[in-house]
1. Roughly how many Å is it from the Cα centre of the stretch 272-303 to that of the stretch 1-63, as a whole number?
2. Run the helix sum for the chain: -39,500 (n - 2.57) per DSSP H stretch of 4+ residues, divided by residue count, reported at 222 nm to the nearest 500 deg cm²/dmol.
3. Taking the Cα centre of the chain as origin, work out the dipole magnitude from +1 charges on Lys and Arg Cβ and -1 charges on Asp and Glu Cβ, in debye rounded to 20.
4. What are the trypsin sites (Lys or Arg not before Pro) within the stretch 22-97 that DSSP puts in a loop, where the Cβ has at most 15 other Cβ atoms within 10 Å?
5. May I ask you to evaluate 6.51 cos²θ - 1.76 cosθ + 1.60, the Karplus curve with θ = phi - 60°, for each residue of the stretch 48-57 and list the ³J(HN,Hα) values in order in whole Hz, giving x for glycine and proline?
6. Using modelled backbone amide H atoms (1.01 Å from N, in-plane), which distant-in-sequence or interchain residues come within less than 5 Å of residue 80's amide H?
7. Suppose we flag GluC sites (Glu not before Pro) only when DSSP calls them loop and at most 12 other Cβ atoms lie within 10 Å. Which is the longest uninterrupted stretch of the chain?
8. Given the stretch 1-153, what whole percent of its Cα pairs are spread farther than 20 Å?
Amino acid sequence: MTRRAPLTVLLAAPRGFCAGVDRAIQAVEDARAATDRPVYVRHEIVHNRRVVSDLEAKGVVFVDEVSEIPDGAVTIFSAHGVARAVEDEAATRGLDVIDATCPLVRRVHHEGRRHAAQGRDVVLIGHREHVEVEGVVGQIEGAVHVVASIAEVEALAPRDPAMLAYITQTTLSVDDTKDIIAALKARFPAIVGPDTKTICYATQNRQAAVRALATRAERIVVCGARNSSNTNRLRELASFLGRPARLIEEAHELEEAFVEGVSVIGLTAGASAPEILVRETLARLALWRELTVEEVTTATETTRFAPVEMSVLA
Ligand code: SF4
């Protein structure tokens, strides 16, 4: 029997679920266990097909709009947050709502509203098609300009350049955001805003871990969903650091050719990707190669959020 070639797998730590994702999934499971009423979630509770399928198997229904939720059903808002109009629609319908919006996304809502209340236009650094950004824009009464690039900063036309503030989506690239903030400050010296820490701790930690992997790994595999912002940023960062990177939603998407001739590979997972995907990816790699798995720890996460308010079920 031919001996399989050795492969060292550097496992990023931290990787996978963040505190906001844990909390949101727990809220759906608790709601399902606590009531016989139908449980509907507006949007994927977190951006991961495996998580959604597991909850669907327990009877939870996922919809895109509140209008699809029947009267009397328990309604859950996802970790990404929603616009005021969505909250209002649910309230008008008399739906019992459990709001699983991540507290760190809520913080961005508050920050944006505070600036708008002071009469400032708000520049939201983020991707306008992302559901979190839709929610943030819809939470702020006033002018909001979404920018995702320096070119968009150059094209900005605020009402009063002296009355501007910026906030950021929680799951951006730390480096891209720094550059956009620098461009904003150069063009609008009076602009006010937080530092890049509006990008959440989990996003920053997972990007720092990929940086550490890239110092030794020849290639990097990122487990997570293609519609997950923080997961995409991990893949982009690995590529930017000169490491061919593959984003996979399921282990079977990984092809043997990707690790051919490679002796050290990095493996991580986005904040909405369950650990089982990492385990299944390791099992797939073990089909082809003799694995040595080494965890590379760049931070220890202790952040935990209070459970989601569930009093509507009482
Ligand atoms: Fe909250 Fe950050 Fe996790 Fe998003 S990635 S749910 S903002 S902790």
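1. What the calculation gives is 16 Å, centre to centre.
2. On the way: 10 runs with 118 residues, N = 314.
Theoretical 222 nm ellipticity from helices: -11500 deg cm²/dmol.
3. On the way: 36 positive and 44 negative charges, 203 e Å.
For this selection, approximately 980 debye.
4. Numbers: sites: 23, 32, 42, 49, 50, 58, 84, 93; in loops: 58.
Passing sites in the stretch 22-97 are 58.
5. 7, 5, 5, 4, 5, 4, 4, 6, 4, 5
6. Those lying under 5 Å, H to H, from residue 80 are 102.
7. Between the exposed loop sites, the longest stretch runs 142-254.
8. Details: 6624 of 11628 pairs.
Counting pairs separated by more than 20 Å, the tail of P(r) holds 57 percent.
The values are calculated or read from the model by the stated rules, or taken from the named source; none is laboratory data. This is a predicted model, so every value here is computed, not measured. Using ideal geometry, Cβ is built from the backbone for each residue, glycine included, and neighbour counts are taken over all protein chains shown. Note: areas computed on protein heavy atoms with side chains; ligands, DNA, RNA excluded. Shrake-Rupley method; radii C 1.70, N 1.55, O 1.52, S 1.80 Å.
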